[in-house]
Amino acid sequence: MGARREVVSAVTERYRLAKRAEKGRILDELCATTGWHRKHAVRALRRRETVGSGEVEPTRKRRHRYGATIKDALTALWEASDRVCGKRLKVMIPTLLPALEQHGRLQLGQSDRDRVLAISAATIDRLLVDVKIAASGGRRRRAGFYSAIRREVPIRTFNDWNSPVPGFCEVDMVAHGGTSVAGSFIQTLTMVDVATGWTECLPLLTREGSLVVEAINRAQSLFPWLLRGVDFDNDSAFMNDIVVPWCREQKLEVTRSRAYKKNDQAFVEQKNGAVVRRLMGYGRFDGVETARMMGRLYAAARLYVNFFQPSFKLKEKRREGSKVIKRYHHPSTPYERALAHPKVTAAVKKRLRDQYRSLDPVALLAEIRATQEELGNRVDRRAGQARGLQAAHTSAPPATAATFAKTLGKTVTVGEPRATHRRTRRPYKTRVRMPSKLDPHLAAIEAWLAEQPQLTALAIVGRLSEKYPEEFGRRQHSIVQRLLRALRRRAAERLVSQSPLGDATIAAPLPGVVDGSGYVGPDPTTAPLVEQARKAIWRDRLIDIGSSWATTPSR
């Protein structure tokens, strides 16, 4: 900056004495030397005083147009508007200002009144900054740190992919926090190639941008091809000043989905459920050792899923009225899609074929099951809350793949879930019956029912409120109803257990064979006579249940 001041000082006098054509040449030379805009060079040369290399150029202050009077008037108008924003207050000023002046709450001169009416919404917000901070108790609204980075990342929807080449991935996180998001727990970073469906999963101890960078860098070595682009959601673990600049340094195209539109990342959301949740379940996992076990699980699962598990891929989707019609490609594995893709090089295809020939799906599945058993001992384990949970131990995997293959299919009928999906059994807490207000009066209530079996709960509450007005009232109607229902059910059970059914009058068997083909008489009644006799006996017994209170002893 000092060198530019020296250049300006050297040519200022010559520029002031030069004619129009010479001034143009001086400006061209000055712009080429300093890199200034031509208009800025003109302003610098028109200054009356030259500035030396050791002097400090005085800053020119802007004259204040709105003083303290205008600020006080805006504060009163802001309070009268119930503290709305500047854009809304600007519209309300022509209505509020005459009302405040009419009732003597605000007095302004003509010039100040014109300034208040002509003030802009941005100036209102700028003048009321400290007033709003004081009104909120000294707390200033924190500006969104990630909003600027999020705005500069372009949006890509589900329909914007247009059959990309292998290397463009959708990235998402799966939280393994169980039913609570409190504290620290493991996250799974899922990356899915849009063209082939190739899936890579990596465990993260915490949600940090630096760990996300390390995971993406690790995934770059796991994918058979180079990464070309990453599509994130709006999570702050991705939209920050660590992940986005690093991806751009690696020449990765960075895009993001729309907020609250999960279908923009349909490829990775499908794998979150079909791969991650299917392997890990919905329990809580934390700790470095658990993260190592998850890495071992994903190392085996990536080969099993990408080389041996076929999946569907949407071919087309169209709408006919209110009906959506979808067509899918034939199910195939990511390995098969990579071999069939014309943009995958021959060297990559050869390397994939060699790797495919060396894999044993049963051995991979045995490794997955063994690791799931180990992780099942750590599910729902929390710091300081491990009481009642089984201690973690290392279970040895099957000796050979043949040994594991013999056990396949034998636990299907038992319905045994995977170890990571099991729920930890906690000791059952027996519920202790709390004392009731009716317990001291139970004998009196049973005596009343013995005398008058048809008493209602409302009548019993009335009798109790007459004797004990401070304890009973209309609010105790429900608990008396429950007690009355329990007493009558108990009396009915005792009656049925003590009095067996008598001999029912059974009519003579009807003539004819068993199927009734030889019967020529009138049609029989709907119900058999035996059933009719039993129902009549039960009806007589149940009608008399209310009268059993006088003869049945109470418990």
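Within the stretch 492-506, restricting attention to residues that are at pLDDT below 85 and open to solvent by less than 50 Å² (accessible area, probe 1.4 Å), which residue is nearest to the chain's Cα centre (by Cα)? Let's see the steps before the verdict.
Just the residues of the stretch 492-506 that are at pLDDT below 85, to begin with: 494-506.
Adding the requirement that they be open to solvent by less than 50 Å² (accessible area, probe 1.4 Å) leaves 494-495, 499, 502, 504.
On the way: R494: 55, L495: 57, S499: 61, G502: 65, A504: 66 Å.
Within the stretch 492-506, the match that is nearest to the chain's Cα centre (by Cα) is R494.
Selection within the stretch 180-203: residues that are touching a residue at least 60 places away in the same chain (Cβ under 8 Å) and under 18 Å from T420 (Cα atoms). The member of this set that is surrounded by the fewest Cβ atoms within 10 Å (Cβ to Cβ) is S180.
Quick grid of which residues meet (1) open to solvent by less than 80 Å² (accessible area, probe 1.4 Å); (2) closer than 16 Å to A486 by Cβ; (3) in a helix (DSSP H, G or I):
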position: S436; (1), (2), (3): yes, yes, no
position: H441; (1), (2), (3): yes, yes, yes
position: I445; (1), (2), (3): yes, yes, yes
position: W448; (1), (2), (3): yes, yes, yes
position: P453; (1), (2), (3): yes, yes, no
position: L458; (1), (2), (3): no, no, yes
position: L464; (1), (2), (3): yes, no, yes
position: E470; (1), (2), (3): no, no, no
position: R475; (1), (2), (3): no, no, yes
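Could you list all residues from the stretch 246-262 that are at pLDDT 90 or above and in a helix (DSSP H, G or I)? Within the stretch 246-262, W246, C247, R248, E249 meet the criteria.
When the residues of the stretch 110-131 are filtered to those that are within 13 Å of R83 (Cα to Cα) and touching a residue at least 40 places away in the same chain (Cβ under 8 Å), the one that is most open to solvent (accessible area, probe 1.4 Å) is D125.
Pairing each residue of the stretch 345-372 that is surrounded by 14 or more Cβ atoms within 10 Å (Cβ to Cβ) with any residue that is β-branched (V, I, T) and modelled with pLDDT under 90, provided the two are 6+ apart or on different chains, yields C-beta distances under 7 Å for Q372/T420. Which of the residues belonging to the stretch 197-215 are in contact with a Phe, Trp or Tyr (Cβ under 8 Å, 6 or more places away or on another chain) and of a type in the set (S, T, N, Q)? Once the filter is applied, which keeps residues that are in contact with a Phe, Trp or Tyr (Cβ under 8 Å, 6 or more places away or on another chain) and of a type in the set (S, T, N, Q), the stretch 197-215 yields nothing. Each residue in the stretch 83-95 was checked for being open to solvent by less than 100 Å² (accessible area, probe 1.4 Å) and in a loop (DSSP other than H, G, I, E, B), and 2 pass. Checked against the criterion of being touching a Ser or Thr at 6+ places or on another chain (Cβ under 8 Å) and surrounded by 15 or more Cβ atoms within 10 Å (Cβ to Cβ), the stretch 240-249 contains one or more residues that satisfy it. With respect to the conditions (1) within 29 Å of A366 (Cβ to Cβ); (2) touching a Ser or Thr at 6+ places or on another chain (Cβ under 8 Å); (3) basic (K, R), R277 lacks only one, and its number is (2). Scanning for something under 30 Å from Y298 (Cβ atoms) and exposed (fewer than 15 other Cβ atoms within 10 Å of the Cβ), does the stretch 163-173 turn up at least one residue? Yes, the stretch 163-173 contains a residue that is under 30 Å from Y298 (Cβ atoms) and exposed (fewer than 15 other Cβ atoms within 10 Å of the Cβ).
The requirement of being part of a loop (DSSP other than H, G, I, E, B), among the charged types (D, E, K, R) and either touching a residue at least 40 places away in the same chain (Cβ under 8 Å) or surrounded by 12 or more Cβ atoms within 10 Å (Cβ to Cβ) (or both) is fulfilled nowhere in the stretch 314-335; no residue meets it. Of all residues assigned to the stretch 96-109, none qualifies as being open to solvent by less than 80 Å² (accessible area, probe 1.4 Å), in contact with a helix residue (DSSP H, G or I) (Cβ under 6 Å, 6 or more places away or on another chain) and either of a type in the set (D, E) or touching a residue at least 60 places away in the same chain (Cβ under 8 Å) (or both). The residue of the stretch 35-82 that is farthest from T12 (Cα to Cα), among those that are modelled with pLDDT of 65 or more, in a loop (DSSP other than H, G, I, E, B) and open to solvent by less than 100 Å² (accessible area, probe 1.4 Å), is S81.
The values are calculated or read from the model by the stated rules, or taken from the named source; none is laboratory data. No experiment lies behind these values; they were computed from the predicted model shown. Positions of Cβ are generated from backbone atoms using ideal geometry, with glycine treated the same way; all protein chains shown enter the neighbour counts. Each accessible area value is taken on the protein alone, full model and side chains, heavy atoms only, with ligands, DNA and RNA left out. Shrake-Rupley method; radii C 1.70, N 1.55, O 1.52, S 1.80 Å.
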